[in-house]
Amino acid sequence: SEINRGGLTPLRLSRAITLLESSVTNRMSLSQIAIECGLSSTYFARAFKVSTGLSPYRWLAQHRIEKASQTLTSTLLPLSEIAAQCGFADQAHFARVFRNTKGVPPSIWRRDMGSTQPADGTIAIGTSVEAAPLGALRKSA
């Protein structure tokens, strides 16, 4: 894998992404992540953007929306619970960011994507979708 001039090494990028993914729930600061990667905050932020095309903040915001999107289509968890699991301050913050990113509120997006899974991820016995793979439960466009 080629390193972008001024970017992070593959090992540091992998470490940074792992830390950012875990910061969805444990709220690590940018300076803490930079220290874990052995870099100053300023250099880390610049090098991360060179490597990914996004600032660490933008990358994390995009990751939270992706995680929320997957959760919306694979469970019937309440939006407030999804918001908390994905690191949003509250349901209103989640709904606002989701709508700004996806163009529709999370409840409408979930409806249109056809989430049919119960909150615990199981499928009720005796239903017509009992043996269907998860991807097959989505409505076709």
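Laid out as a table, the results:
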item: Test set (1) without any contact (Cβ under 8 Å) to a residue 24 or more places away in the chain; (2) touching an Asp or Glu at 6+ places or on another chain (Cβ under 8 Å) - His63 fails condition number; result: (1)
item: Selection count, the range 28-52, where residues are without any contact (Cβ under 8 Å) to a residue 24 or more places away in the chain, outside any loop (DSSP other than H, G, I, E, B) and under 15 Å from Ile17 (Cβ atoms); result: 6
item: Test: Arg12 is assigned to a loop (DSSP other than H, G, I, E, B) and among the basic types (Lys, Arg); result: no
item: Top-ranked residue of the range 75-100 - restricted to ones that are touching a residue at least 40 places away in the same chain (Cβ under 8 Å) and surrounded by 16 or more Cβ atoms within 10 Å (Cβ to Cβ), ranked as farthest from Asn26 (Cα to Cα); result: Thr75
item: Residue that is farthest from Ile65 (Cα to Cα), among those in the range 19-42 that are open to solvent by 70 Å² or more (accessible area, probe 1.4 Å) and of a type in the set (Ser, Thr, Tyr); result: Thr42
item: Residue that is modelled with pLDDT of 50 or more, part of a loop (DSSP other than H, G, I, E, B) and hydrophobic (A, V, I, L, M, F, W, C), where the choices are Val97, Val104, Val129; result: Val104
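The values are calculated or read from the model by the stated rules, or taken from the named source; none is laboratory data. In this text, all values refer to a predicted model and were calculated from it rather than measured experimentally. Neighbour counts are summed over all protein chains in view; Cβ atoms, including those assigned to glycine, are modelled from backbone coordinates with ideal geometry. Remember, those area values only see protein heavy atoms, side chains included, never the ligands or the DNA or RNA. Shrake-Rupley method; radii C 1.70, N 1.55, O 1.52, S 1.80 Å.
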